[in-house]
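All remarks here apply to the structure that follows.
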Amino acid sequence: MKVIAVVGNGIAGSEAAEAARRVDRDARIVLLTKEPYPLYSACVLADYVADRIPLERVVLKRAADFGRDRIDLLLSKQVVEWSADARMLRFEDGELPYDRLVIATGSRPVVPNLPGFNKEGVVALKTLADAEQLRAARGGAAVVVGTGPVGIEAAIALSRRGWKVTLVELLDRVLPRLFDEPLALILKKRLEDHGIDVFLGERVLEVQGDARVEAVRTDRRILTAETVVLVIGMRPELSLVDRKQVAFGDSGGVRVDRHMQTSREGVWACGDCTESEDLVTGRIGLHMLWHNARLQGRIAGANAAGAHRQYPGSLNVTTVNIFDETAASVGFLASELTGNEMTVLHKKAPWGELRLILKDQCLVGVQALGSTDRLGGLVTMMMQGRNLRKVLLKKPAVSEGPAGWILRGLQRDLRRLMDAD
Amino acid sequence: MAKVLVLDSERCLGCKLCEIVCSVKKERVSDPSRSRIRVLRWERGQEALPVFCQHCEEPLCALVCPVDAIKREESTGLVVPDREICVGCGGCVSICPMLGAGFDNREHKALRCDLCQGDPACVKCCPTGALRYVDSDQSQIDRKRAAARKLYLR
Ligand SMILES: Cc1cc2nc3c(=O)[nH]c(=O)nc-3n(C[C@H](O)[C@H](O)[C@H](O)COP(=O)(O)OP(=O)(O)OC[C@H]3O[C@@H](n4cnc5c(N)ncnc54)[C@H](O)[C@@H]3O)c2cc1C
């Protein structure tokens, strides 16, 4: 019987196994994970830490759900060796020969090479075990290092648990990869209004204490803390995989083609461990988002079972919530672009704020605060790379739907903006 | 034959009666901010655009949902969020290309038009006939699918 093996049971691996089953009713499908849980959602771990949702909501699938699809789920099974030529996976208490392989090993938190980061009390927020550790932590003061979406979520969750939380960020604003200064300032203020201290442009140098965390030393001050949450970034988890077995991209993720196949025949990859193309910016890189991992998993799994589906590319719309205020971002930031071909249109309205980034007369980035729905309406236009000056010469048609409506609404502002350059 | 909610946006006056009727019928309160159909205006005085869920073939909102709260109901074919499961992250709102994903800011939950089980209240109250509930012929469905494919998924 043909064996399709999937390594990693995050959303990518789980979807891959299910998709493979839909295509091939007969193959043996084996899903291996080092996690003790069947499938849970990393995206809501912070809500669980904050006691806003129970554990049952975090766990998305039970072992029985996989059983129904006749997927052999092997929990707490870390694959320690992959023999690509022999088509063999090895784990501590056995091995599995396979015919087709899907690598879905996801990502792991970056740990800086600085003194003290191995002390007890330093936690990441990536796994359910991390969330449990944060829930069980005792103390009153926490330092969160890094203000990406996960750092912000962790800070809010601990603050909701009653901790005094300090966020430390090396760059000059919060959520530096998602928002330019104006919106980042508003979001920072919102954090501060809820009692979270935010220190920007500050470098963490060491974690102090004996066996346990007692303080964090930065280049400006010493912050006492019983818990340090370290969220400075994620890297592909590829300790199992060697560059000689499959090609990696410059980003450090596995390189795949449109069919999610790696450079090696019979091996597919999907999710956070792979690199992909950003549909809006065209950039090839790591686009570690839930929906990208899910869709990639579906396609990799189906193709491993014999289908020929294509992945369109990654859609990097990121939404963050800061004490029930929503903000979202897609595409380039103004601060990433230089040159006089770049212009910004920043609109304020009763429903929120919208910041549009234009380059060479095309929309290349949008940031939204408040009602973020208009951002979604603009994504198609960004993907098509439409020249807005041409669009504005005649009134965008009603048949263009929401995108046309947004353009008609912005027509006057856009004209003014474009005639100015 | 399946019926769909269609909009002739040029007929919409922006009276927002549909929002009120919808919130009364579905939420039992007269609160436009909790309506499943929303009449947006870009700026005061500019044209109105009613938006609502299109029940896409390959819904991006379901792909984005971090807790699998959004599923296609097998019996009706509609894309609906489960309010019990929804964590209110708002991811579906930002990604919907049709601006059709509503959000209840009071309860912090996703809101989606479910066509009132085949008897949409907004259609009945619309004074200009901008909203209609019509049989969808196959060509219409095909066109919608093609558009959805062009949008993102193929
Ligand atoms: C706290 C947090 C919040 C997030 N919030 C959002 C959000 O709101 N929206 C969004 O779009 N994205 C969010 N993300 C990102 C999103 O969760 C990821 O993109 C997605 O989960 C990636 O799924 P994956 O299956 O590729 O990888 P992972 O979830 O990392 O799964 C990989 C699995 O493989 C297993 N594995 C690895 N190596 C081995 C091995 N050798 N043997 C056996 N098993 C192995 C791992 O244990 C793991 O279970 C968030 C991430 C975090 C951490």
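What to note about this one:
- Carbon + sulfur, % of accessible area of segment A:74-219 - ligands and nucleic acids excluded, 1.4 Å: 47
- Kirkwood Rh and Cα Rg combined as Rg over Rh, evaluated for segment A:60-185: 1.08
- Net length available on complete extension from A:Leu55 to A:Glu132 is 26.7 nm, with 0.36 nm assigned per residue and the Cα-Cα distance removed.
- Taking the average, over residues, of other Cβ atoms within 10 Å as the packing measure, peptides B:108-114, A:26-32, A:339-345, A:186-192 rank B:108-114, A:26-32, A:186-192, A:339-345 from highest down.
- At R0 = 45 Å, FRET efficiency that the Cβ-Cβ distance of B:Tyr133 and A:Arg22 yields, to 0.05: 0.85
- Checking the cross-link pairs B:Lys26/B:Lys124; A:Lys34/A:Lys119; B:Lys71/B:Lys109; A:Lys126/B:Lys71; A:Lys359/A:Lys390; A:Lys126/B:Lys109 against a 19 Å limit on the alpha carbon distance flags A:Lys34/A:Lys119; A:Lys126/B:Lys71; A:Lys126/B:Lys109 as lying beyond it.
- Solution diffusion estimate, µm²/s, Stokes-Einstein, segment A:308-421, Kirkwood Rh from C-alpha pairs, 10 °C, viscosity 1.306 mPa s: 107
- Cut-off 14 Å (backbone N to label point 7 Å along Cα→Cβ of A:Ala307), residues of segment B:57-75: B:58-59
- Mean separation of Cα contacts under 8 Å (6+ apart) over length of chain A, as relative contact order %: 15
- Residue ranking by accessible heavy-atom surface, 1.4 Å probe, largest first, among A:Glu56, A:Glu275 comes out as A:Glu56, A:Glu275.
- Approximate spin-label separation B:Asp119-A:Glu277, in nm, with each point projected 7 Å along Cα-to-Cβ: 5.0
- The fraction of accessible area contributed by carbon and sulfur in segment A:319-421 is 49 percent, rounded to a whole number (1.4 Å probe; ligands and nucleic acids excluded).
- If the chain linking A:Asn340 and A:Asp65 were pulled fully straight, counting 0.36 nm for each residue of separation and taking away their Cα-Cα distance, it would gain 93.5 nm.
- For segment B:1-72, carbon and sulfur atoms together expose 52% of the accessible surface, with a 1.4 angstrom probe and every protein chain in place.
- Residue list for segment A:4-43, given a label point 7 angstrom along the Cα-to-Cβ vector of A:Asp93 and an amide N cut-off under 16 Å: A:32-37
- Interface burial for B against A (accessible surface, 1.4 Å probe, total of both chains, Å², rounded to 100): 3600
- Quotient of C-alpha Rg and 2.2 N^0.38 Å, computed over the protein assembly as shown: 0.99
- The largest accessible area among A:Asp413, A:Asp373 belongs to the first residue in A:Asp413, A:Asp373, and the rest follow in falling order (1.4 Å probe, all chains).
- Solvent-free Debye scattering, log10 I(q)/I(0), computed from the Cα coordinates of segment A:122-230 at q = 0.11, 0.16, 0.24 Å⁻¹: -0.31, -0.66, -1.41
- Dividing the summed -39500 (n - 2.57) terms of all DSSP H runs of n ≥ 4 by the residue count of the protein assembly as shown sets its mean residue ellipticity at 222 nm at -8000 deg cm²/dmol.
- Peptide A:377-384 has a mean shielding of 4, counted as Cβ atoms of other protein chains within 10 Å of each residue's Cβ.
- Note on exposure: A:Thr262, A:Thr105 ranked by accessible area (1.4 Å probe, complete protein assembly) read A:Thr105, A:Thr262, with the most exposed listed first.
- Sequence-separation-based contact order of chain B, relative, with Cα cut under 8 Å and 6+ spacing, percent: 30
- In the context of the full set of protein chains, residues of segment B:53-112 present 40 Å² of accessible surface per residue (probe radius 1.4 Å, heavy atoms only).
- Averaged over peptide A:258-266, the number of partner chain Cβ atoms lying within 10 Å of each residue's Cβ comes to 0.
- For chain A, the solvent-accessible area of protein heavy atoms averages 41 Å² per residue (probe radius 1.4 Å; ligands and nucleic acids excluded).
- Extension gain, B:Ser75-B:Val6: 0.36 nm per intervening residue step, less the Cα-Cα distance, totals 22.7 nm.
- Shielded residues, segment A:304-340 - accessible-area loss of 10 Å² or more between chain alone and all protein chains, probe 1.4 Å: A:Arg309, A:Gln310, A:Pro312, A:Leu315, A:Val317, A:Thr319, A:Asn321, A:Asp324, A:Thr326
- Note on A:145-155: average number of Cβ atoms from other chains within 10 Å of each residue's Cβ is 0.
- Using only alpha-carbon positions in chain B, the gyration tensor eigenvalues give semi-axes of 22, 20, 16 Å once each is multiplied by 5 and square-rooted (largest first).
The values are calculated or read from the model by the stated rules, or taken from the named source; none is laboratory data. Quick caveat, the model's predicted, so the values are computed rather than measured. Cβ sites come from the backbone with ideal geometry, for glycine too, and all protein chains shown count toward neighbours. With ligands, DNA and RNA removed, areas are computed over all heavy atoms of the protein, side chains included. Shrake-Rupley method; radii C 1.70, N 1.55, O 1.52, S 1.80 Å.
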